[in-house]
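Q: I am attaching a structure below and will ask some questions about it afterwards.
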Amino acid sequence: MPSTLPDGAPAPADGSLPASALDSLGSSTFSAYLHVPYCTTRCGYCDFNTYTADELGPGVSRATWLDSVQQEVALAQAVLPGAPPLDTVFVGGGTPTLLDPSDLVGALRSLERAFGLADGVEVTTEANPDTVSLGSLRALRAGGFTRVSLGMQSAVPHVLATLERRHRPERVPAAVAEAREAGFEHVSVDLIYGTPGESLVDWRRSLEAALALEPDHVSAYALIVEEGTRLAAQVRRGQVAVPDDDLMADAYALADELLTAAGYTCYELSNWAWPGGECRHNEAYWRGADWWGFGPGAHSHVGGTRWWNVKHPAAWAGALAAGRSPAAAREELALEDRRVERVLLESRLAAGVPLDVLRAPGLRAAGRLVGDGLLRADAYADGRAALTLRGRLLADAVVRDLVD
């Protein structure tokens, strides 16, 4: 995607934003993302910005995370005077629930003091099933968290072993039951399909195990073999083979079939929910809303200006301790960049993207794609380009045609 600053430009040390970004503040919802970069072990498929204790280096630990987050919250408050109350807060990682619940609740309180929380605010934390308990979940719920997203990934032991996930399959239903007992109405489970060695029978078993838990939200992500991971090295050496495209398509179609039959709606390419169970925080990303990302490597967006923090926790904490913004670089999106990004993101949603956002070549392509069965005819008649199931399977190719 083109950008006015394709490689990013240095970000001001005080974190200040262009007037054009600040002028639009409040025209959309405002969200916060908090990145917790800690994991007990590194899974072989993961390329997220995460660190085990041995990788953090001297002077940095889980115990310092809250202090540094509070410093970045103070910076954000100074940069964004008059920001609207936060509509959503999402704590991701890494493994946020390695931290004591008081740290996560403390970060939320800091955000509340700085910006306020909107009525009905959605507050989510990701969690590994073996890092929560009834007590910790009760503390999070009492502290204002409204959603918990559990990394289930699979119900099949050999699939979990290939992914190098450490939790036991039976721990997932126990964690879901604990979350419900703690008072969480919104419980999500995350699944991965396409793990080397996973059959459609294995995948069905995982889907059925997830459905038996009756979460109000299910995410199902295709495994991507990322360069630099142990899994990528295993693939290069021929130790494991990734599934072919046909098997991946069959796995996605099976997920949609079983989830739809159970009353879930695919509201975004990889996410299904019961009515009211949609993740509003992720919807804010897909709709181009404003958010500030706190933590090492976190990305932010306000009014067409995008920036990202330095990745290592020591560098992030060090910048804040010295009174500087931890931003590594930023970019300002031109109007055409923002249009293209809107097509890329909103086309992922069930509602699709308005046809009036498309240029002439994209409009011509949309008419053809309806005839090809890749876009919904009813949505097209209502002025939107929305994917059919077959279109979701070929989403990358469809979106390339729409952005022309």
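The values are calculated or read from the model by the stated rules, or taken from the named source; none is laboratory data. What you see is a predicted model, and the numbers here were worked out from it, not measured in a lab. FYI the Cβ positions are ideal-geometry reconstructions off the backbone, even for glycines, and counts take in every protein chain you see. What goes into the accessible areas is simple: the full protein's heavy atoms, side chains included, and nothing from ligands, DNA or RNA. Shrake-Rupley method; radii C 1.70, N 1.55, O 1.52, S 1.80 Å.
Q: Below 13 angstrom from the Cβ of Ala261, what's the summed charge of the other residues (Lys, Arg +1; Asp, Glu -1)?
A: Summing Lys/Arg as +1 and Asp/Glu as -1 gives -2.
Q: Please compute the Kirkwood hydrodynamic radius over segment 226-345, one decimal place, Å, based on all pairs of different Cα atoms. Write down the numbers at each step before the final one.
A: Values: mean 1/r = 0.0551 Å⁻¹.
Its Kirkwood hydrodynamic radius stands at 18.2 Å.
Q: Mind giving me the nanometre distance, one decimal, between the label points for Leu134 and Asp378, set 7 Å out from Cα along Cα→Cβ?
A: Between Leu134 and Asp378, the label points sit 4.5 nm apart.
Q: Something else: Identify the trypsin sites (Lys or Arg not before Pro) of segment 212-267 meeting these criteria: DSSP loop state and at most 13 other C-beta atoms within 10 Å of the C-beta.
A: Hits after loop and neighbour filter: Arg237.
Q: In what sequence, largest accessible area first, do Ser24, Ser154 appear using a 1.4 Å probe? Could you put the intermediate results ahead of the total?
A: Values: Ser24 35, Ser154 0 Å².
Final ranking, largest accessible area leading: Ser24, Ser154.
Q: Keeping all protein chains in the complex and leaving out DNA, RNA and ligands, what accessible area do you get for Asp119 with a 1.4 Å probe, in Å² to the nearest 10?
A: 150
Q: Take Ala174 and Asp356, extend 7 Å from each Cα along the Cα→Cβ direction, and tell me the distance between the two endpoints in nm.
A: Result: 5.6 nm between the two label points.
Q: Let me ask something else about it. Using +1 at the Cβ of each Lys and Arg and -1 at the Cβ of each Asp and Glu in segment 9-168, identify which of Gly82, Thr95, Val60 lies farthest towards the dipole's positive end.
A: Selected residue: Thr95.
Q: A follow-up question, please. Over segment 82-143, what percent of the accessible surface lies on carbon and sulfur atoms, probe 1.4 Å?
A: It is 47 percent, rounded to a whole number.
Q: Could I ask something else about it? Applying the Karplus parametrisation 6.51 cos²θ - 1.76 cosθ + 1.60 with θ = phi - 60° to the phi angles of segment 112-122, what ³J(HN,Hα) value in whole Hz is obtained for each residue in order, glycine and proline being reported as x?
A: Using θ = phi - 60°, the values come out as 5, 5, 6, 10, x, 10, 5, 4, x, 3, 9 Hz.
Q: Something else now. Please arrange Asp245, Asp190, Asp250 by accessible surface area, largest first, computed with a 1.4 Å probe and ligands excluded.
A: Details: Asp245 130, Asp190 25, Asp250 80 Å².
Largest accessible area first, the residues go Asp245, Asp250, Asp190.
Q: Assuming 0.36 nm per residue, please report the length gained on full extension of the stretch Ala262 to Arg62 beyond their Cα-Cα distance. Walk me through the numbers before you get to the answer.
A: Details: separation 200, 0.36 × 200 = 72.00 nm, distance 4.00 nm.
Result for the pair: 68.0 nm of gain on full extension.
Q: Using the Cβ atoms and a cut-off under 11 Å, what net charge is assigned to the surroundings of Pro85, where Lys and Arg are +1 and Asp and Glu are -1?
A: -3
Q: Follow-up. How much accessible surface area, in Å² rounded to 10, belongs to the heavy atoms of Val242 with a 1.4 Å probe?
A: 70
Q: Let me know the Rg and Dmax you get for segment 108-156 when you use only its Cα atoms, in Å.
A: Every Cα atom of segment 108-156 included, Rg and Dmax give 13.1, 44 Å.
Q: Considering only DSSP states other than H, G, I, E and B, which GluC sites (Glu not before Pro) in segment 181-248 qualify as loop sites with at most 15 other Cβ atoms within 10 Å?
A: Taking segment 181-248 and a limit of 15 other Cβ atoms within 10 Å, the loop GluC sites (Glu not before Pro) found are Glu185, Glu226, Glu227.
Q: What net charge do the residues around Ala174 carry, taking every other residue with its C-beta under 12 Å from that of Ala174, with Lys and Arg at +1 and Asp and Glu at -1?
A: Local net charge: -1.
Q: Would you work out the relative contact order for the chain, in percent, from Cα pairs under 8 angstrom that are 6 or more residues apart?
A: Values: 735 pairs, mean separation 78.6, N = 404.
Once divided by the residue count of the chain, the mean separation gives 19 percent.
Q: Over the chain, what is the percentage of antiparallel beta bridges among all DSSP beta bridges, to the nearest 5?
A: 40
Q: Would you check the accessible area of Val201, probe 1.4 Å, heavy atoms only, in square angstrom rounded to 10?
A: Per-residue accessible area (Val201): approximately 110 Å².
Q: If you average the sequence gap of Cα pairs under 8 Å that are 6 or more apart and divide by the length of segment 253-404, what percent do you get for the contact order?
A: Relative contact order, segment 253-404: 17 percent.
Q: Let me spell out the model: positive unit charges on the Cβ of Lys and Arg, negative unit charges on the Cβ of Asp and Glu, origin at the Cα centre of the chain. What dipole size does that give, in debye rounded to 20?
A: Dipole of the chain, to the nearest 20 debye: 360 debye.
Q: Largest first, how would Met248, Met152 line up by accessible area (1.4 Å probe)?
A: Putting Met248, Met152 in descending order of accessible area: Met248, Met152.
Q: For segment 337-342, in order, what is each residue's ³J(HN,Hα) by Karplus, 6.51 cos²θ - 1.76 cosθ + 1.60 with θ = phi - 60°, in whole Hz (x at glycine and Pro)?
A: Calculated HN-Hα couplings, in order: 4, 5, 5, 4, 4, 4 Hz.
Q: Once phi is turned into ³J(HN,Hα) by the Karplus curve 6.51 cos²θ - 1.76 cosθ + 1.60 with θ = phi - 60°, what whole-Hz value does each residue of segment 361-378 show in order, with x for glycine and proline?
A: x, x, 5, 4, 5, 4, x, 5, 5, 4, x, 7, x, 9, 10, 6, 5, 5
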